[in-house]
1. What is the angle, in °, between the Cα long axis of helix 44-57 and the longest principal axis of the Cα atoms in the chain? Nearest 10 is fine, range 0 to 90.
2. If you filter the range 283-322 for GluC sites (Glu not before Pro), then keep DSSP loop positions with at most 13 other Cβ within 10 Å, what is left?
3. Write out the trypsin sites (Lys or Arg not before Pro) in the range 247-315 meeting two conditions: DSSP loop, and at most 15 other Cβ atoms within 10 Å of their Cβ.
4. Of L309, L175, L11, which is the most mobile in a GNM of the chain whose springs link Cα atoms less than 10 angstrom apart?
5. Quick check: net charge around Y258, other residues with Cβ under 12 Å of its Cβ, Lys/Arg +1 and Asp/Glu -1?
6. Write down the Å³ per residue value for the convex hull defined by the alpha carbon atoms of the chain.
7. Can you tell me the equivalent ellipsoid semi-axes for the range 1-151? Use √(5λ) from the Cα gyration tensor, largest first, whole Å.
8. Just the ratio, please: alpha-carbon radius of gyration of the range 82-121 over 2.2 N^0.38 Å, N its number of residues.
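Bear in mind these aren't lab numbers, they're just calculated from the coordinates by the rules spelled out. Keep in mind the model is a prediction, meaning the values are calculated, not measured. Cβ atoms come from the backbone with ideal geometry, glycine included; neighbour counts cover every protein chain shown.
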Amino acid sequence: MATITNNSDFLFLYEASQCNPNGDPDQENKPRMDYDTDTNIVTDTRVKRYIRDFLKMTGQQIFVDMEGESKVSADSKLKAVIGRLLDNQEELDQVFAENEDMKTKFLEVKEKSKAKTAEEMLKFMQDKKNREISFRLNLFLLAYLVKQKFVDIRLFGSAFAIEGFNKSYIGPIQLNWGYSLNKVQLMESNSIVTIMNDDNSTFGKDYRVHYSLLAFNGTINKFAAVGTGLSAEDLRLFRNSIWESIPSLPTRSKLNQYPKLYLEIIYNDGFHNGHFGDLRSYVAAPPTNGFDEKQVRRFTDLSLDLTALSKLISENKGEDKPIKEVVVRTAPGVEFSVA
């Protein structure tokens, strides 16, 4: 499939109520906070983990995966592909359909290694004396893994570290750390939680926020998309996944998190990421109905103001202007229309 042809910037908001959106291991797993501004913080890796878990749950193959408590290695992914190529002529023909030279190279390495298993062939390819013959093949197979197998690399990129071979793919989709639009209060943590493990009990405090309306700014870059093969279909999958993933796998500490707004500005040709800066600058969420910031406990206690963002889009959308089109998804209670 063809890669995307336009740059985009996006804004994503979700709420967190009486939960721990992103624990800080250096602070007893308390919710991450900027205590100078009393704002709640969530890392980009936390959101990407939500998305990866959702993609896996819905049947997509992902690269950054876990087996038990350990990450699945790049070696094991590459070994699986080599194993299928050794055992399945149809897969071999499919993988190398558009590159006969690489198919010849694969068969040459197979013959020289006398490999009957993927382990034997990978070991041969990683041997220093064979790296010259194997380098381009390694590069081709990794590109195949990225562009055909693992959607999370096509979205977010990854670094491959295989013995004797390293390769990094810059992710077309990048997110800033998110921060709350409102000042956030931590819930009093006088309660004790019990964790059972082989009939042994341990005790720890349970830290949560009262209410946090979190905002993320992100970019989608067409030039990086060439490297990973990010397609329009992948982008549609991302838009759905970032929305659906937040509430889809609730745990005890992550329950009560729901998406509120996804807004993506797609630029016309010649315009690049960050043309309008951080889109969060055009959003405000002051307390409503006379509430003090310390009293905010739910979405309706805030007044989400998207006026500046709406004005920005209406003034800059058109064929001879920066904005080509806008993609919007809102939750009930959030109103945003694009002319």
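1. Result, in degrees: 60.
2. Numbers: sites: E293, E315, E319; in loops: E319.
Sparse-neighbourhood loop GluC sites (Glu not before Pro): E319.
3. Numbers: sites: R252, K254, K260, R280, K294, R297, R298, K311; in loops: R252, K254, R297, R298.
For trypsin sites (Lys or Arg not before Pro) across the range 247-315 that sit outside H, G, I, E and B with at most 15 neighbouring Cβ atoms in 10 Å, the list reads R252, R297, R298.
4. L309
5. Working: positive: K254, K260, R298; negative: E15, E244.
With Lys, Arg at +1 and Asp, Glu at -1, the neighbours total +1.
6. Each residue corresponds to 176 Å³ of Cα convex hull volume.
7. Values: eigenvalues 346, 71, 39 Å².
They are 42, 19, 14 Å, listed from largest to smallest.
8. Numbers: Rg = 9.6 Å, N = 40, 2.2 N^0.38 = 8.9 Å.
Rounded to two decimals, the normalised Rg is 1.08.
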